[in-house]
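Chemist: Dropping a structure here in structure tokens format, bear with me for questions.
Every number here is computed from the coordinates shown, using simple stated rules; none is lab data. Computed from a prediction, not measured in an experiment: that's the story for all the values here. Because the Cβ atoms are built from the backbone with ideal geometry, glycine has one as well, and the counts that use them run over all protein chains shown.
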Amino acid sequence: MTFDIIGLCRDEPGPETVIPALAAAGEELLADFRDEQPLIRLHHPDGRLMTTLEDVHLVRTDGEVRRLLGIGADVEAPHPVWWVEVWAPGDDPEAEATARAFTTALVAGTGGLSWSNR
């Protein structure tokens, strides 16, 4: 099972926020950009897959993020919101930490919050 974390960004993530967030995930990591898929994969220098970042999606429908993630009314989710999904292998604590570090830095740069499946 994978570890999933989602950045719910108030402002659209652009190079000025994504690049520093990638560095925050680990400057030693190697980025693999796929033209045929809107994904960025970060690999440990030893070759292990650390995390996969999906392309950014704008969610305009009010309440859709709450419905999809089961977020309660007590949590203030931005609207509209830029949704950035990040996956990491579920059996690698270092990969989970990498995904969390990227998402935390991204949300710090764009405003908003993060949600994870654990």
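Chemist: Rounding to the nearest 10 and keeping the result within 0 to 90°, find how far the Cα-based axis of helix 15-25 lies from the longest principal axis of the chain.
Modeler: Result, in degrees: 60.
Chemist: Under a 5 Å amide H to amide H cut-off, with H placed in plane at 1.01 Å, what residues pair with Gly112 once short-range neighbours are removed?
Modeler: Arg10
Chemist: Using a cut-off of under 16 Å, list every residue of region 100-118 whose amide N is near the label point 7 Å from the Cα of Glu85 along the Cα-to-beta-carbon line.
Modeler: Counting backbone N atoms under 16 Å from the label point, the list is 115-118.
Chemist: Ignoring everything except DSSP H segments at least 4 long, calculate the 222 nm mean residue ellipticity for the chain; use -39,500 (n - 2.57) per segment, divide by total residues, nearest 500.
Modeler: Value at 222 nm, helices only, nearest 500: -9000 deg cm²/dmol.
Chemist: Trypsin sites (Lys or Arg not before Pro) within region 17-64: which are DSSP loop residues with at most 14 other Cβ atoms inside 10 Å?
Modeler: Sites meeting the loop and neighbour criteria: Arg48, Arg60.
Chemist: Normalized C-alpha radius of gyration of the chain, against 2.2 N^0.38 Å?
Modeler: Scaled against compact globular proteins, the figure is 1.03.
Chemist: Count neighbours as other Cβ atoms within 10 Å of each site's Cβ, and list the GluC sites (Glu not before Pro) in region 1-107 that are DSSP loop with at most 16 such neighbours.
Modeler: The qualifying sites are Glu27, Glu28, Glu36, Glu76.
Chemist: Would you work out the charge dipole size for region 2-116 about its Cα centre, treating the Cβ of every Lys and Arg as +1 and the Cβ of every Asp and Glu as -1, and quote it to the nearest 20 debye?
Modeler: It works out to roughly 280 debye.
Chemist: Here's a follow-up. Answer with one residue from Trp82, Val18, His43: the one whose Cα lies farthest towards the positive end of the charge dipole of region 13-118, charges on Cβ with Lys, Arg +1 and Asp, Glu -1.
Modeler: Value: Trp82.
Chemist: Also, quick follow-up: Please report the relative contact order for the chain, taking Cα pairs under 8 Å with a sequence separation of at least 6, and give it as a percent rounded to a whole number.
Modeler: Relative contact order here is 46 percent.
Chemist: Please work out how much length the chain gains when fully extended from Asp46 to Leu68, using 0.36 nm per residue of separation minus the C-alpha to C-alpha distance, in nm with one decimal.
Modeler: Once the chain is fully extended between Asp46 and Leu68, it gains 4.4 nm.
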